1. Out of the range B:81-101, which residues are within 12 Å of chain A (Cβ to nearest Cβ) and within 19 Å of the chain's Cα centre (by Cα)?
2. When the residues of the range B:181-207 are narrowed to those that are among the charged types (D, E, K, R), in a helix (DSSP H, G or I) and in contact with a helix residue (DSSP H, G or I) (Cβ under 8 Å, 6 or more places away or on another chain), which ends up farthest from residue B:115 (Cα to Cα)?
3. Select from the range A:1-46 the residues that are among the polar types (S, T, N, Q) and outside any loop (DSSP other than H, G, I, E, B) and write down the one among them that is nearest to residue B:157 (Cα to Cα).
4. Consider only pairs whose beta carbons are under 6 Å apart and that are at least six residues apart or on different chains; among these, list those whose first residue lies in the range A:145-174 and is in contact (Cβ under 8 Å) with a residue 60 or more places away in the chain and whose second residue is among the basic types (Lys, Arg) and buried (at least 21 other Cβ atoms within 10 Å of the Cβ).
5. Can you tell me which of A:239, A:185, A:207 is part of a loop (DSSP other than H, G, I, E, B) and not aliphatic (A, V, I, L, M)?
6. Just the residues that are at the interface with chain A (Cβ under 7 Å from one of its Cβ atoms) and either within 19 Å of residue B:101 (Cβ to Cβ) or out of contact with any helix residue (DSSP H, G or I) (no Cβ under 7 Å at 6 or more places or on another chain) (or both), please, taken from the range B:61-76.
7. Failed condition for residue B:34, given (1) buried (at least 20 other Cβ atoms within 10 Å of the Cβ); (2) of a type outside the set (Phe, Trp, Tyr); (3) farther than 28 Å from residue B:136 by Cβ, with all others met?
Amino acid sequence: MTLEIYLDLFSQPCRSVYIFAKKNNIQFDHKKISLFEGYQYGEEFGKINPLRKFPTIKDGDFCLAESVAIMIYLADKFHTPDHWFPADLQKRARVNEYLSWQHTSIRMHGAKIIWFKILIPEVLGAEVPKEKMENAVENLNWALQLFQDKFLQDKPFIVGDQISLADLVAIVEIMQPFAAGMDVFENRPKLKAWKDRVREAIGAELFDEAHQATMSIRDNAKTIDPKGLSPLKDKILKFFLS
Amino acid sequence: MTGRQAVKAYLDLMSQPCRAVLIFLKHNKIPHTVEQIAIRKGEQKTPEFTKLNPMQKVPVLEDNGFVLTESDAILKYLATTYKVPDHWYPKLPEKRARVDEYTAWHHMNTRMHAATVFWQEVLLPLMTGQPANTAKLEKALSDLNGTLDKLENMFLKRQAFLCGDDISLADLLAICELMQPMSSGRDILKDRPKLMSWRGRVQSALSDSFDEAHTIVYRLRDKFTAKL
């Protein structure tokens, strides 16, 4: 039975799962869904994943959400190269340490930028108070500083000499505010060098392909049909702006 | 491993993830020492502690020179390094994935919303001397209710514990977060029999180590409710 993976590549955690599966030649049925069409709230998807989140995999009868859990599961099942999620327990703990920390730092603050700069004003037609935008940028800058000082330091990758799940999860999140027009790599040569190494380790073609939807959001935002997102408008505004 | 020293845990038991780490160490009889770091006194900001953890956060685990932060990483490390019963962090990939799924979801759901209730109702008023902001507290409680709905209807839908028929790291992390609002005397589970049963099962499975770790919460509750 084929492995099904439900993805919208606009979403950061969907990209990490996509890149991981493709890079490791894992065969899967790519179920393309659109967050902007509210697919996650449909009845059909609710049966597959009651948590209604992306990404989700369906491996036979086994359904799983949360990109971190998904990639660890796939790494084990498909015996991917050790560097992604090392068997050495201390190296593995370092990967887990980053994967844990990033939820309420890089991910949380990075995600806001594209919503505040582009999606909320241009698709939902709502105004984002200047103070909220400034706070979001300040918080992301704080997170990026910690990322460089504590997790990257002077190493080529977060854990050791090779790319791991930590770098993959980090890069897809950092690319999101970058796509929104915030140059996170400006005046951060270390971060830029790391990003170039990660892109090369993944493969430039795969990396660019996965990021295409996000990188073109500034041009495409006006073409997104607001009807898909507007039922969620109150929820989105409450989540981000209250 | 000869000559292996006990692990050292830097903890403040007012912190939910610190309690989870201590309970796990004690319950599984993992040799350890504890160094108390009082956040309310700013002890996480001393030069020594900052050298150990530049993030100035607890919990921190030190294992013979290996320093680790983040409670879920710490718990998974301990569960796989020491011989603990399999149910804590099962070896079977599908079962393990369920625990990984919960521990990822936990950050922006259980942890975030339960901690915000505690912050609005207890910590902020204690720090400022002002009464709690009603609107912000109501919002925090509403967000937490959403999380409790999901815990009941999804994770606990057909099973006794969050990730299966037996207690795991998921239940340990969740229970410590859900105990935090009790500091004000508020029982967030009181109208939810399913979650109350689950809490009973978790407490029962953890026995003494649970109450020992939560003494500080009970004391704060008694102090807080005496003021009212």
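1. Selection gives B:89, B:98, B:99, B:100, B:101.
2. First pass over the range B:181-207, keeping only residues among the charged types (D, E, K, R): B:186-187, B:190-192, B:194, B:199, B:201.
Filter once more, keeping what is in a helix (DSSP H, G or I): B:194, B:199, B:201.
Still in the list and also in contact with a helix residue (DSSP H, G or I) (Cβ under 8 Å, 6 or more places away or on another chain): B:194, B:199.
Working: B:194: 21, B:199: 18 Å.
Result: B:194.
3. Taking the range A:1-46 as the starting set, the residues that turn out to be among the polar types (S, T, N, Q) are A:2, A:11-12, A:16, A:24-25, A:27, A:34, A:40.
Restricting the remaining residues to those that are outside any loop (DSSP other than H, G, I, E, B) gives A:12, A:16, A:40.
On the way: A:12: 29, A:16: 29, A:40: 20 Å.
Top of the filtered list is A:40.
4. Going by the 6 Å Cβ cut-off, the qualifying pairs are A:159/A:94; A:172/A:15; A:173/A:107.
5. On the way: A:239 fails: part of a loop (DSSP other than H, G, I, E, B); A:207 fails: part of a loop (DSSP other than H, G, I, E, B).
Sole residue among the options that is part of a loop (DSSP other than H, G, I, E, B) and not aliphatic (A, V, I, L, M): A:185.
6. Here is the first cut: in the range B:61-76, the residues at the interface with chain A (Cβ under 7 Å from one of its Cβ atoms) are B:66, B:68-70, B:72-73, B:76.
Once the filter is applied, which keeps residues that are at the interface with chain A (Cβ under 7 Å from one of its Cβ atoms) and either within 19 Å of residue B:101 (Cβ to Cβ) or out of contact with any helix residue (DSSP H, G or I) (no Cβ under 7 Å at 6 or more places or on another chain) (or both), the range B:61-76 yields B:70, B:72, B:73, B:76.
7. The one condition residue B:34 does not meet is (1).
Quick grid of which residues meet (1) more than 17 Å from the chain's Cα centre (by Cα); (2) of a type in the set (Phe, Trp, Tyr); (3) within 25 Å of residue B:68 (Cβ to Cβ); (4) more than 14 Å from chain B (Cβ to nearest Cβ):
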site	(1), (2), (3), (4)
A:148	yes, no, yes, no
A:154	yes, no, yes, yes
A:162	yes, no, yes, yes
A:166	no, no, yes, no
A:195	no, no, no, yes
A:207	no, yes, no, yes
A:211	no, no, no, yes
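We did not get these values from a lab; they are worked out from the coordinates using the rules stated. All values reported here derive from a predicted model rather than from experimental measurement. Because the Cβ atoms are built from the backbone with ideal geometry, glycine has one as well, and the counts that use them run over all protein chains shown.
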